[in-house]
Amino acid sequence: MKNIILLITDTFRYDNLGERATRPIRTPMLDSFAADRATAIEKFYMNSFPTIPHRTDVATSTVGWPHYPWQPIDQSGPNHVAKLLAGEGYATQLICDCPHLFNARFQQGFQAAFQHRGQEGDKPLLHLNDDIEIVMPDDKTRPNPSFRGHTLANTHRWTNRYYEYESETFSGRTSQSAIRFLEENYRSGPFFLWVDFFDPHEPWDPPEYIVRRYDPTYSGPPMIHPNYGRSSIYTDAELHNLWAHYAGESEMVDRHIGRILEKVEDLELWDDTIVVVMSDHGMSIGEHGKTGKSNIDPDDPRFWPTYPEINHEMFLIGGGEIPLGQSLDLIAQPVDILPTLCDLAGVTLEPPKPFEGRSFADSLLSGETNHREYAITATHISSKNNIVPRRAVTPFLVTEGWGYAPVGSLGSPELFDLSDDPLATNNLAADNDALLTELHQLFMAYLLEHNAPENCITLWQNSLIGDGEGKWTIDYSNKDDE
């Protein structure tokens, strides 16, 4: 059996990398991994949104969003990747700085687990004699959660003692912990190592000397956290600086994941190890007039579909017999990871709940692209009166060439030709009622395949009507749906 290393980076956009980049970010380590050592799955899309639902899909190989919301993994079913692999003789280790994994009890399935604390709103050790500085203006970032009247962005900087150097960053420390694990365990037999980087999740606070490489002339306050609402609150310069902070943090993640990959090389593990590098989702930084990944702005009445800047994931896999430098236009999703890794690592599992994912190992090894016809990204919605609540994150379906949102930004279905419009900017729904109906039928077939409960099916079952609208279109003056 081969070792398995799973490296997850939060909020790292698919189009950060190489020739995929719409706004180039320096990612030499991952670009080199993709070109020289790995196979890139170019059409990999998240199942359940956001952080913990995504990782639960990965760890259980079951689709969660039709059934349950963000919740501890043991409430979501009996499967847990680390428990299953430990039963077959694997040593299992979780190393993370994602603040949500321990809260969601992921660590309980591992033989050993280690967390670097202090990300986002996590406060491991108060130091109240020191003032909380206003790093980012309150009116440019999300108001909640707050601490003693201070925003999340400013509290985060205070919690972490205003670090300035790369060695103090979370991605740097998490990388070093993973490298130490490899050095101390590489001869031990099969191991499963899950390393979870919360970066480049906001707040985006890399050393400013890295940010200046992307925005050398900006002189205003640092834009380190989006508002999760309309991007129009920012000036052009502020919006660019917001992206520059994201770019700087993404560059550091590339560097620190790269150091783990270098250690795999140093220890001569590639023949006996399968390595996955993936993101969970992306982030809107001006696309679709949004900054953030969900709408918490009471002044923004729009729905927020999981457009491609959100749902399109980076997925690179290397090691063993996996072809080097291969790029596959193969549609796959997180529930497919566990059965694929089992096939590639030569391990047979008997999960208490059958896997819903499908292995793409054969396609990966043969260079074929036959796997899924379509992929769907969505979040769990608790509806009232079978109406999608305003400001909700809504589903997005992707086929070989099309992107479909049953509930677009203004409530009507949206359709995009992703082959020419990869970030879904030109809505073609008005002239394509028949295609909208066909794609909606795929959406309903997906719900049935995954045994969605009756209330979920009822929410989405109505056919589209003549003008491309469905029952989900909401009159924004109606307060009953709130």
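Any residue in the range 358-386 that is farther than 20 Å from Arg37 by Cβ sitting within a Cβ distance under 6 Å of a residue that is open to solvent by 60 Å² or more (accessible area, probe 1.4 Å)? List the pairs, counting only those 6 or more apart or interchain.
Ser359/Asp343; Thr369/Asp329; His380/Pro69
Can you name the condition, by its number, that Ala34 falls short on among (1) touching a residue at least 60 places away in the same chain (Cβ under 8 Å); (2) assigned to a loop (DSSP other than H, G, I, E, B); (3) more than 20 Å from Pro339 (Cβ to Cβ)?
(2)
Enumerate the strands (runs of 3 or more DSSP E) found wholly within the range 284-346, keeping only those where 1 or more residues are surrounded by fewer than 20 Cβ atoms within 10 Å (Cβ to Cβ) and acidic (Asp, Glu).
On the way: elements: 290-292, 315-318, 326-332.
Correct list: 326-332.
Out of Ile376, Ile381, which single residue is open to solvent by 10 Å² or more (accessible area, probe 1.4 Å), of a type in the set (Val, Ile, Thr) and either assigned to a strand (DSSP E or B) or closer than 23 Å to Pro453 by Cα (or both)? Steps first, answer last, please.
Details: Ile376 fails: open to solvent by 10 Å² or more (accessible area, probe 1.4 Å).
Step by step, each of Ile376, Ile381 is checked, and only Ile381 is open to solvent by 10 Å² or more (accessible area, probe 1.4 Å), of a type in the set (Val, Ile, Thr) and either assigned to a strand (DSSP E or B) or closer than 23 Å to Pro453 by Cα (or both).
For the range 63-82, which positions are polar (S, T, N, Q) and either in contact (Cβ under 8 Å) with a residue 12 or more places away in the chain or under 16 Å from Asn455 (Cβ atoms) (or both)?
Here is the first cut: in the range 63-82, the residues polar (S, T, N, Q) are 71, 75-76, 79.
Those that are polar (S, T, N, Q) and either in contact (Cβ under 8 Å) with a residue 12 or more places away in the chain or under 16 Å from Asn455 (Cβ atoms) (or both): Gln71, Ser76, Asn79.
Would you mind stating whether His256 is open to solvent by 10 Å² or more (accessible area, probe 1.4 Å), touching a residue at least 40 places away in the same chain (Cβ under 8 Å) and assigned to a helix (DSSP H, G or I)? It would help to see each step written out before you state the result.
On the way: open to solvent by 10 Å² or more (accessible area, probe 1.4 Å): no; touching a residue at least 40 places away in the same chain (Cβ under 8 Å): yes; assigned to a helix (DSSP H, G or I): yes.
So His256 fails the test.
Would you say Ala244 is closer than 30 Å to Gly289 by Cβ, without any contact (Cβ under 8 Å) to a residue 40 or more places away in the chain, touching a Ser or Thr at 6+ places or on another chain (Cβ under 9 Å) and assigned to a helix (DSSP H, G or I)?
Details: closer than 30 Å to Gly289 by Cβ: yes; without any contact (Cβ under 8 Å) to a residue 40 or more places away in the chain: yes; touching a Ser or Thr at 6+ places or on another chain (Cβ under 9 Å): no; assigned to a helix (DSSP H, G or I): yes.
Here the answer is no, as Ala244 does not meet what is asked.
When the residues of the range 158-207 are filtered to those that are farther than 30 Å from Thr60 by Cβ and of a type in the set (Lys, Arg), which remaining residue is least open to solvent (accessible area, probe 1.4 Å)?
This residue is Arg161.
Which one of these is over 19 Å from the mean Cα position of the chain (by Cα), surrounded by 17 or more Cβ atoms within 10 Å (Cβ to Cβ) and among the aliphatic types (A, V, I, L, M): Leu6, Leu17, Leu84? Break it down stepwise before answering.
Values: Leu6 fails: over 19 Å from the mean Cα position of the chain (by Cα); Leu17 fails: over 19 Å from the mean Cα position of the chain (by Cα).
When all the criteria are applied, what remains is Leu84.
Taking the range 34-50, which residues are farther than 18 Å from Ile376 by Cβ and open to solvent by less than 10 Å² (accessible area, probe 1.4 Å)?
Ala38, Thr39, Ala40
Restricting the search to the range 214-239, which residues are buried (at least 19 other Cβ atoms within 10 Å of the Cβ) and either under 24 Å from the mean Cα position of the chain (by Cα) or closer than 19 Å to Arg173 by Cβ (or both)?
Tyr214, Met223, Ile224, His225, Pro226, Asn227, Tyr228, Gly229, Ser231 - these are the residues of the range 214-239 that are buried (at least 19 other Cβ atoms within 10 Å of the Cβ) and either under 24 Å from the mean Cα position of the chain (by Cα) or closer than 19 Å to Arg173 by Cβ (or both).
The values are calculated or read from the model by the stated rules, or taken from the named source; none is laboratory data. Since this is a predicted model, take the numbers as computed values, not measurements. All Cβ positions, glycine included, derive from the backbone under ideal geometry; neighbour counts span all protein chains shown. Just so you know, the surface numbers come from the protein's heavy atoms only, side chains and all, with ligands and any DNA or RNA stripped out. Shrake-Rupley method; radii C 1.70, N 1.55, O 1.52, S 1.80 Å.
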